[in-house]
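Notes follow the structure.
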């Protein structure tokens, strides 16, 4: 459907230095998009009204090219995800690791659980060679418990949406790197229309304010989905005694739909590029906030966190029981330590 999208812009009435960019789709009536001339707005973005940003036609061409590449990669993502060893070994190149030394000696994957508050884990986290953080969680004000180093931030594209909307017009390269622009942002595209944010932020970037973004490999996305679904199905069957088909009817393609968390994807990524993986902030406790940096206490229904905790437990205590990853010829799971 997004292939039929249009892009248009108009000057901002409240600030002549800005323009409003609209991504619109035609309404579909009786299955045909041309039976109603109206359009619905999928996305609105305030951008600079200057020559730094391409015109509407060039932006539309760039968006369609990005969309085609994204859809093609995800259409064929199952072609290679059974070759787990290949997917995992390719991650080193994805992160720009020199060939002569493809893996990092030690990695810390820092979750966002409120269980980190008061932990004093910051220095221990910073002592790792590579530190992965999630969804732009801040370190300022929390250094004692979460550390300060950031080598990579993994986020879903709603995070980019939330930071680009208020900053695309005022901040070169958008204000989407709260822990410093030296560390790239690796993004899972959860909504393809968010690719327009990528184009806008990249167009306004400068050498002094780069927009460093990596899109996750579609094969890695598929592998993470496979792992998450396996553990969720297993937990459901063990807890309810119902057949797996009942889980499928309740969760697959439903609202809220089922999806792995950013944390799980970060952990799987670390398994592919690290000789030793430490996990922090992936636990929970009664009375503890869901995120250390917000007041949110409720978990989202999209993720099956309990099932993911079982996966992490297997990685630490029973790596031979981990499906898909542990079965890959030539790929050896690195030791994993949970610090919660």
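Okay, residues lined up against (1) modelled with pLDDT of 95 or more; (2) touching a strand residue (DSSP E or B) at 6+ places or on another chain (Cβ under 8 Å); (3) farther than 30 Å from residue 140 by Cα:
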| site | (1), (2), (3) |
| --- | --- |
| 254 | no, no, yes |
| 259 | no, no, no |
| 267 | yes, yes, no |
| 304 | no, no, no |
| 314 | yes, no, yes |
| 333 | no, no, yes |
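Being modelled with pLDDT of 90 or more and surrounded by fewer than 23 Cβ atoms within 10 Å (Cβ to Cβ): is that true of residue 164 here? For residue 164, the condition - modelled with pLDDT of 90 or more and surrounded by fewer than 23 Cβ atoms within 10 Å (Cβ to Cβ) - is not met. Of the numbered criteria (1) modelled with pLDDT of 90 or more; (2) farther than 14 Å from residue 157 by Cα, the one residue 180 fails is (1). Take the residues of the stretch 260-287 that are without any contact (Cβ under 8 Å) to a residue 60 or more places away in the chain and assigned to a loop (DSSP other than H, G, I, E, B): which is surrounded by the most Cβ atoms within 10 Å (Cβ to Cβ)? Filtering the stretch 260-287 for residues that are without any contact (Cβ under 8 Å) to a residue 60 or more places away in the chain and assigned to a loop (DSSP other than H, G, I, E, B), the one surrounded by the most Cβ atoms within 10 Å (Cβ to Cβ) comes out as 260. The numbered conditions (1) assigned to a helix (DSSP H, G or I); (2) farther than 30 Å from residue 16 by Cβ; (3) in contact (Cβ under 8 Å) with a residue 40 or more places away in the chain are all true for residue 229 except (3). Of all residues in the stretch 199-223, those satisfying the criterion of being assigned to a strand (DSSP E or B) and crowded, with 17+ Cβ neighbours inside 10 Å are 213, 215.
The values are calculated or read from the model by the stated rules, or taken from the named source; none is laboratory data. Quantities reported herein were computed from a predicted structural model and do not represent experimental measurements. Here Cβ is always computed from backbone atoms with ideal geometry, including for glycine, and neighbour counts include all displayed protein chains.
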